[in-house]
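Heads up: the structure comes next, in structure tokens.
The values are calculated or read from the model by the stated rules, or taken from the named source; none is laboratory data. Only a predicted model underlies this, so the values are computations on that prediction, with no experimental measurement involved. As a convention, Cβ positions derive from the backbone with ideal geometry for all residues, glycine included, and neighbour counts pool all protein chains shown. Note: areas computed on protein heavy atoms with side chains; ligands, DNA, RNA excluded. Shrake-Rupley method; radii C 1.70, N 1.55, O 1.52, S 1.80 Å.
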Amino acid sequence: YQAATYLCPVSEALVASINTYADPSGVGYKIGVLYHIPEVKDKIRVISTDYDSDFWNVDDNVRRGGILALSYIYQEQTFFVKGFDILIECAKLLPDQTFTFAGFSPEMMVKFKNELPVNVTILSFQNKEQARRLYQSHQVFVIPSMTEGLPNTLCEAMLCGCIPVGSEVGAIPQVIGATVSS
């Protein structure tokens, strides 16, 4: 980091922020490069991720419904960090809603499949085209992560017309921003 000319995080949340969402005490803990290496402050240039809105778009010919959560779940710890345990509890409380959990490794699919209520479908890793079809066919995209930077899945889902629901961590509140209605 110190030898770099520039450091280019994708959001201010990765520069310096406080994560109160994942701290049971409510006090929060510091995240971001400046808390670990403050001397690189002058090298930081935030450059937000760019998205292809010609690819990530709404398909009005697709029937929309259900709740989608998509992440790369390759180990048990990631399952909990990404909030899928919370989503299972939500699915149990909302038995009339359909939930789709996508992005699970084969090992994690086997591990968690028997814990899922009947209104949850679990899918393996998704390529770009498969992810787009999922976003376009679901009404709500949920990202209850304990920690995040600028989540591409949230941005892609919103471009495809999903209603966003997310934890108050990282850049999630800024990405959702004014899409929240009162």
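Taking the full set of protein chains and a 1.4 angstrom probe, give the accessible area of Cys90 in square angstrom, rounded to the nearest 10.
About 50 Å², rounded to the nearest 10.
HN-Hα J couplings of the range 27-35 from phi, Karplus 6.51/-1.76/1.60, θ = phi - 60°, integer Hz, Gly and Pro as x?
Those phi angles translate into 6, x, 9, 6, 10, x, 4, 5, 6 Hz.
Compute log10 of I(q)/I(0) for the range 1-159 with the Debye formula, placing one identical point scatterer on every Cα and leaving out solvent, at q = 0.09, 0.11, 0.16 Å⁻¹, to two decimals.
Relative scattering, expressed as log10 I(q)/I(0), comes to -0.37, -0.55, -1.01.
Hey, got a sec? Which trypsin sites (Lys or Arg not before Pro) in the range 25-125 land in a DSSP loop and have at most 13 other Cβ atoms within 10 Å?
Arg45, Arg63
Over the range 23-72, with the other protein chains present, what is the accessible area per residue in square angstrom, probe 1.4 angstrom? Could the numbers behind the result be given before it?
Working: 3460 Å² over 50 residues.
Ligands and nucleic acids excluded, the result is 69 Å² per residue.
Select from the range 46-151 those chymotrypsin sites (Phe, Trp or Tyr not before Pro) which occupy a DSSP coil region and have at most 13 other Cβ atoms within 10 Å, ordered by residue number. Don't skip to the end; give the middle numbers.
Numbers: sites: Tyr51, Phe55, Trp56, Tyr72, Tyr74, Phe79, Phe80, Phe84, Phe99, Phe101, Phe104, Phe112, Phe125, Tyr135, Phe141; in loops: Tyr51, Phe55, Trp56, Tyr74, Phe125.
Taking the range 46-151 and a limit of 13 other Cβ atoms within 10 Å, the loop chymotrypsin sites (Phe, Trp or Tyr not before Pro) found are Tyr51, Phe55.
Compute the distance from the alpha-carbon center of the range 7-71 to that of the range 119-136, in whole Å.
21
Please give me, ordered by residue number, the GluC sites (Glu not before Pro) of the range 84-136 that lie in loop per DSSP and have at most 14 other Cβ atoms within 10 Å. Intermediate results must be reported in sequence, preceding the final value.
Details: sites: Glu89, Glu107, Glu115, Glu129; in loops: Glu115.
Of the GluC sites (Glu not before Pro), the ones in loops of the range 84-136 whose Cβ has at most 14 other Cβ atoms within 10 Å are Glu115.
Give me, ordered by chain and number, the residues 5 or more places off Ala102 or on other chains with an amide H under 5 Å from its own placed amide H.
Under 5 Å from the amide H of Ala102 lie the amide H atoms of Ala69, Leu70, Ser71, Leu123, each far enough along the sequence or on another chain.
Find the lysine pairs in the chain meeting two conditions, Cα atoms under 17 Å apart and a separation of 8 or more places or different chains, and report how many there are. Don't skip to the end; give the middle numbers.
Values: Lys30/Lys41; Lys82/Lys111; Lys82/Lys113; Lys92/Lys113.
Lysine pair count for the chain: 4.
Please compute the alpha carbon radius of gyration of the range 76-125, then divide it by the globular-protein estimate 2.2 N^0.38 Å. Two decimals is fine. The partial results should precede the final answer.
Numbers: Rg = 10.2 Å, N = 50, 2.2 N^0.38 = 9.7 Å.
Against the compact-globule rule of thumb, the ratio is 1.05.
Specify the angular offset, from 0 to 90 degrees and rounded to the nearest 10, of the alpha carbon long axis of helix 128-137 from the longest principal axis of the alpha carbons in the chain.
60
Ignoring ligands, DNA and RNA, please state the percent of accessible area on the chain from carbon and sulfur, probe 1.4 Å.
Values: 5480 of 10380 Å².
With neighbouring chains kept in place, the figure for the chain is 53 percent.
Rounded to whole Hz and in sequence order, give me ³J(HN,Hα) for the range 36-52 from the Karplus expression 6.51 cos²θ - 1.76 cosθ + 1.60, θ = phi - 60°, writing x for Gly and Pro.
Coupling constants for the range 36-52: 9, 9, x, 6, 9, 3, 6, 8, 7, 10, 6, 10, 5, 5, 9, 10, 7 Hz.
For the chain, what does the relative contact order come out to in percent, with C-alpha contacts under 8 Å and a separation of six or more?
24
Can you tell me what share of the DSSP beta bridges in the chain is antiparallel? A percent to the nearest 5 is fine.
Details: 3 of 19 bridges.
The antiparallel proportion sits near 15 percent.
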